[in-house]
Amino acid sequence: QVQLVESGGGLVQPGGSLRLSCAASGSLFSIYTMGWYRQAPGKERELVARITSGGNIDYADSVKGRFTISRDNAKNTVYLQMNSLKPEDTAVYYCNARVVTMNYWGQGTQVTVSS
C-alpha cells in the first residue's frame, strides 16, 4: 500500500504561481508513474500531467507551457509547478501513483484562482 500526501494548494490571484508537492510512502517510488489530476465542481477528473519512471512527461493541452511536473526519487516526492494560473485552473488536485495494476490516489488539495 502506498500513501500519498499532497500539499501546496491554496488561493492565488490570476497570473500567480503555486507549487504542489506529493510525498509518497514506501520504497518503490522510483518505479511508479506519477501523475497529477484535477477535478473541478461538476466536471470529471482529468489528467494534468504525468511523469514515468524513465522521465517521460505528458501534459494536458490546457496546461502546456504553464505547468511543469518533476520528481525527486531520493525524496519520494513529485512536484507540480503551476505558473500563469487562470480561474479555469480552479479544482481539487490529486496525486496519483501507478505501476502495472496498482493505482493509488492522494486525498487532494484545493487550488483556487480568483481575484
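The values are calculated or read from the model by the stated rules, or taken from the named source; none is laboratory data. Not measured: the values here are computed from a predicted model. We place every Cβ from the backbone using ideal geometry, glycine too, and count neighbours over all the protein chains shown. All accessible areas refer to the heavy atoms of the entire protein, side chains included, with ligands and DNA or RNA removed. Shrake-Rupley method; radii C 1.70, N 1.55, O 1.52, S 1.80 Å.
Each row is one residue, and each column tells you yes or no for (1) open to solvent by 60 Å² or more (accessible area, probe 1.4 Å); (2) closer than 16 Å to GLY8 by Cβ; (3) part of a strand (DSSP E or B); (4) touching a helix residue (DSSP H, G or I) at 6+ places or on another chain (Cβ under 9 Å).
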| position | (1), (2), (3), (4) |
| --- | --- |
| ILE69 | no, yes, yes, no |
| VAL78 | no, yes, yes, yes |
| GLU88 | yes, no, no, no |
| ASN103 | yes, no, yes, no |
| GLN107 | yes, yes, no, no |
| GLN110 | yes, yes, yes, no |
| SER115 | yes, no, no, yes |
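Of the set (1) of a type in the set (Gly, Ala, Ser); (2) touching a residue at least 40 places away in the same chain (Cβ under 8 Å); (3) part of a loop (DSSP other than H, G, I, E, B), all apply to GLY54 but (2). Scanning the range 81-114 for residues that are of a type in the set (D, E, K, R) and in contact (Cβ under 8 Å) with a residue 60 or more places away in the chain gives LYS86, ARG98. Can you find a residue that is farther than 24 Å from VAL2 by Cβ, open to solvent by 40 Å² or more (accessible area, probe 1.4 Å) and assigned to a loop (DSSP other than H, G, I, E, B) anywhere in the range 28-37? There is no residue in the range 28-37 that is farther than 24 Å from VAL2 by Cβ, open to solvent by 40 Å² or more (accessible area, probe 1.4 Å) and assigned to a loop (DSSP other than H, G, I, E, B). Within the range 39-51, the set of residues being open to solvent by less than 80 Å² (accessible area, probe 1.4 Å) and part of a loop (DSSP other than H, G, I, E, B) comprises ALA40 only. Within the range 52-67, the set of residues being open to solvent by less than 60 Å² (accessible area, probe 1.4 Å) and closer than 15 Å to ARG98 by Cβ comprises just one member, THR52.
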